[in-house]
Amino acid sequence: MYQGYITDVPGIEVGHAQNYEAMTGCSVILAKKGAVGGVDVRGSAPGTRETDLFGQKKTVNQVHAIVLAGGSAFGLDAAGGVMKYLEEEGVGYQTPVIKVPIVSSAVIFDLGLGSSRIRPDYHMGYLAAKNAKVNESLQGNIGAGTGASVGKILGPNYIMKTGLGSASVKLGSLVVGALVVLNAMGDVFDRNQDEQIAGVYDRQKKHFLKTSDLLRQFHMENAITNTTIACIATNARFDKEQTNKLAEMTHNAFARTIAPVHTSSDGDTIFALATQEVMADLNLVGVMAIEAMEKAIMNAVYAADAYQNFPAYQNIFKP
């Protein structure tokens, strides 16, 4: 496991809620004092909410929460519960009549594990926000990572369980943290160890198959049930343009650890939050963000637990 958590960034809180019978959940990243937000959507099958607000020409400059959830498009309902919680806390964008919490969201397709009839909803979103704390450190089968998996291109007999991962990188007073829900179509690699750690796994022969090779053989079963969603946060002082660029740069971590990535069957989305505390160079923070996100992706593999017949890394390599 790589060290750190996105809550190492001052002003960031994280909360989780999940249903283990249904194998789904949601995770909430709170910035109650507000943070400049950015987003970059690279996958072709995204499920998102309030991403237009991050545009440079849009009026609102701050966001108060990012919600990552399972449930496919149904899971976008969880953001409403987070809004309710933040309203009760007096957090939001001040309008002439009321404060409106700015809450953006992205979802994964996890309906193939557990029950497809139970999805993250308003109440689960509220609970996740209420559970948020500055010292959260849970990873694996938790929150939005509860039903995450990879290796679905050949169907259920080759799936591996993954989950939620987080990590952080620090340089003096500058902190960059990443949180990711790994539900990719592609295989996952630990570049530091130069080895594949997750993907299409042949349980009988006990070895990985390459998704890129399977694509060449025209295997596309269950291919649309993928997506990796994430949030990068920093205490750097950035404007909207810089924060959007940070989200864009962080996708390099996806490309370094997941292959293939950003496919027509993925909805890969990265949010970015800048809490405006430390002057920093964007290129430096971008490099730190890529490192933090790579480590978070690998932690999402290493921290996951097996579910029913779906093995996890620790079951395969650490029996």
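Annotations
- Once the chain from Lys210 to Asn192 is taken as fully extended at 0.36 nm per residue, the excess over their C-alpha distance is 4.6 nm.
- Full extension of the segment from Gln314 to Arg256, taken as 0.36 nm per residue of separation minus the current Cα-Cα distance, would add 18.7 nm.
- The angle between the Cα long axis of helix 240-257 and the main principal axis of the chain comes to about 10°, on a 0 to 90 degree scale.
- Highest average packing first - 175-181, 70-76, Cβ atoms within 10 Å: 175-181, 70-76
- For segment 110-126, 3J(HN,Hα) per residue [Karplus equation, 6.51 cos²θ - 1.76 cosθ + 1.60, θ = phi - 60°, Hz, x = Gly/Pro]: 10, 6, x, 10, x, 9, 7, 8, 10, 10, x, 9, 3, 5, 5, x, 4
- With Cα atoms, 0 to 90° folded angle of helix 78-88 axis to the chain main axis: 30
- Charge tally in the Cβ shell below 12 Å around Tyr85, where Lys, Arg are +1 and Asp, Glu are -1, Tyr85 excluded: -1
- Restraint check, Lys170/Lys295; Lys33/Lys99; Lys84/Lys133; Lys33/Lys57; Lys130/Lys240, Cα-Cα greater than 19 Å: Lys33/Lys57; Lys130/Lys240
- Rounded, prolate or oblate (a/c below 1.5 giving rounded, otherwise prolate when a/b exceeds b/c) for segment 159-242 by Cα gyration tensor: prolate
- Computed from the alpha carbon atoms alone, the convex hull of segment 33-191 holds 148 Å³ per residue.
- Protein accessible area in the chain, 1.4 Å probe - carbon and sulfur %: 48
- Of all aspartates and glutamates in the structure, those lying under 19 Å Cα to Cα from Lys205, and not within fewer than 8 positions of it along the same chain, are Asp187, Glu195, Asp213.
- Nearest-ten-degree value, helix 282-302 long axis tilted from longest Cα axis of the chain: 40
- For a paramagnetic label modelled on Asp52 (point 7 Å from Cα along Cα→Cβ), amide N atoms under 20 Å away belong, within segment 1-39, to 37-39.
- Cα centroids of segment 1-39 and segment 130-160: 13 Å apart.
- Shape category assigned to the chain from the gyration tensor of Cα positions, a/c cut at 1.5: prolate
- Derived scalar couplings ³J(HN,Hα) [segment 41-52; Karplus, 6.51 cos²θ - 1.76 cosθ + 1.60; whole Hz; x for Gly, Pro]: 9, 10, x, 8, 10, x, x, 9, 9, 6, 7, 4
- All distinct Cα pairs of segment 236-312 go into the 1/r average, and the inverse of that average, the Kirkwood radius, is 14.0 Å.
- For Asp305, the residues whose modelled amide H falls within less than 5 Å of its own, excluding neighbours fewer than 5 places apart on the same chain, are Asn141.
- Computed with a 1.4 Å probe over protein heavy atoms only, the accessible surface of the chain comes to 40 Å² per residue.
The values are calculated or read from the model by the stated rules, or taken from the named source; none is laboratory data. Given the structure is predicted, the values throughout are model-derived calculations rather than measurements. Cβ: placed from backbone, ideal geometry, glycine included. Neighbour counts: every protein chain shown. Note: accessible area is taken over every heavy atom of the protein model, side chains too, but ligands, DNA and RNA are not part of it. Shrake-Rupley method; radii C 1.70, N 1.55, O 1.52, S 1.80 Å.
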